[in-house]
Amino acid sequence: MLNWNVGSDFAQFIGFGNYVEWFNDPESARIVVTTLLYTVATVAGGMAIGLALALALNRKLFGRGIVRTVTFAPYVLSGIAVGFLWMYIFNPNIGLLRTVLGWFGLSSPPWFTQEPWPLIMIVIVTLWKHVGYVALIYLAGLQSVPQDLRDAAALDGAGTWRVFRAIVLPLLGPITFFLLITLTLSALQSFDLIRSMTNGGPLGSTKTLMYQVYVEGFQIGRGGYGSAVATILFVILLLVTAIQMKFVERRVHYQ
């Protein structure tokens, strides 16, 4: 509601002027699309990979405890530290990934300079950091599935895939619903990896709504406009959560 710069003693009341400016800014549509792509890729990819990991870790394997610990460890690391670490790995001149791709006769993509590689790079790092958390939650759910239900289905002639699809997956519904909400909210608020790896670039190709709040409020110093963007983000978070609670929860089967 105010035209106010950070540190200034003067603030001018402009009503919905900041919101009108945001909706009329051509960059806003691009930021929303980037935020949407990042959220869908990290939430869907994280849940799929996390579930696959949980199924693998639920088996009796040698060194299973160590593997579980290693899988979960990236989640507790600082996002800024993870971002700087992966910048060296993705470095097209000296990075480890360049060497690995070279073994297969491939060259390193322009991870930092050409769209859509910067956004793909951040999605990969986000998945690496979060799949351990998703796998841990799914693993707890898998271990709570009653064994007698699996045995009964097996006696009726159901194969492994049929047991998973008809029994295990529905019983994991509450966990899937919980992860869907928490991962979506986390993705919409993601900031640290973008800040440390690309600074929203190149040419704003990795700028999300959360990062725009930081740029407007703390880099440019437009406190009023940054607050308006933060309010828009809050409304989006509220709407996404409400939609998930209203429509997705109906398909969840609680025991």
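The values are calculated or read from the model by the stated rules, or taken from the named source; none is laboratory data. Every value quoted in this text rests on a predicted model; they were computed, and no experiment measured them. Using ideal geometry, Cβ is built from the backbone for each residue, glycine included, and neighbour counts are taken over all protein chains shown. Note: areas computed on protein heavy atoms with side chains; ligands, DNA, RNA excluded. Shrake-Rupley method; radii C 1.70, N 1.55, O 1.52, S 1.80 Å.
Just to be sure, is Ser186 of a type in the set (S, T, N, Q) and assigned to a helix (DSSP H, G or I)?
So Ser186 passes the test.
Identify, from the list Thr182, Thr176, Thr198, the residue that is over 14 Å from the mean Cα position of the chain (by Cα), closer than 30 Å to Arg165 by Cβ and open to solvent by less than 60 Å² (accessible area, probe 1.4 Å).
Only one candidate passes the filter, namely Thr176.
Look at Tyr138 and say whether it is of a type in the set (Phe, Trp, Tyr), open to solvent by less than 60 Å² (accessible area, probe 1.4 Å) and under 28 Å from Thr113 (Cβ atoms).
Against the criterion (of a type in the set (Phe, Trp, Tyr), open to solvent by less than 60 Å² (accessible area, probe 1.4 Å) and under 28 Å from Thr113 (Cβ atoms)), Tyr138 does not qualify.
Please enumerate the residues belonging to region 221-240 that are hydrophobic (A, V, I, L, M, F, W, C) and closer than 17 Å to Gln12 by Cβ.
Hit for region 221-240 is Ala228, nothing else.
Listed here are the residues, each with its yes/no results for (1) loosely packed, with under 13 Cβ neighbours inside 10 Å; (2) basic (Lys, Arg); (3) part of a helix (DSSP H, G or I).
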{"residue": "Asp9", "(1), (2), (3)": "yes, no, no"}
{"residue": "Gln12", "(1), (2), (3)": "yes, no, no"}
{"residue": "Gly15", "(1), (2), (3)": "yes, no, no"}
{"residue": "Asn18", "(1), (2), (3)": "no, no, yes"}
{"residue": "Trp22", "(1), (2), (3)": "no, no, yes"}
{"residue": "Ser28", "(1), (2), (3)": "no, no, yes"}
{"residue": "Val33", "(1), (2), (3)": "yes, no, yes"}
{"residue": "Gly45", "(1), (2), (3)": "no, no, yes"}
{"residue": "Ile49", "(1), (2), (3)": "no, no, yes"}
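For the condition closer than 19 Å to Leu185 by Cα, surrounded by 17 or more Cβ atoms within 10 Å (Cβ to Cβ) and in contact with a Lys or Arg (Cβ under 8 Å, 6 or more places away or on another chain), what is the one hit in Gly79, Gly132? Give the steps one after another, and end with the answer.
Working: Gly132 fails: in contact with a Lys or Arg (Cβ under 8 Å, 6 or more places away or on another chain).
Criteria check complete, one pass: Gly79.
Quick one: which residue in Phe72, Phe62, Phe112 is in contact (Cβ under 8 Å) with a residue 24 or more places away in the chain, at negative phi and assigned to a loop (DSSP other than H, G, I, E, B)?
Phe112
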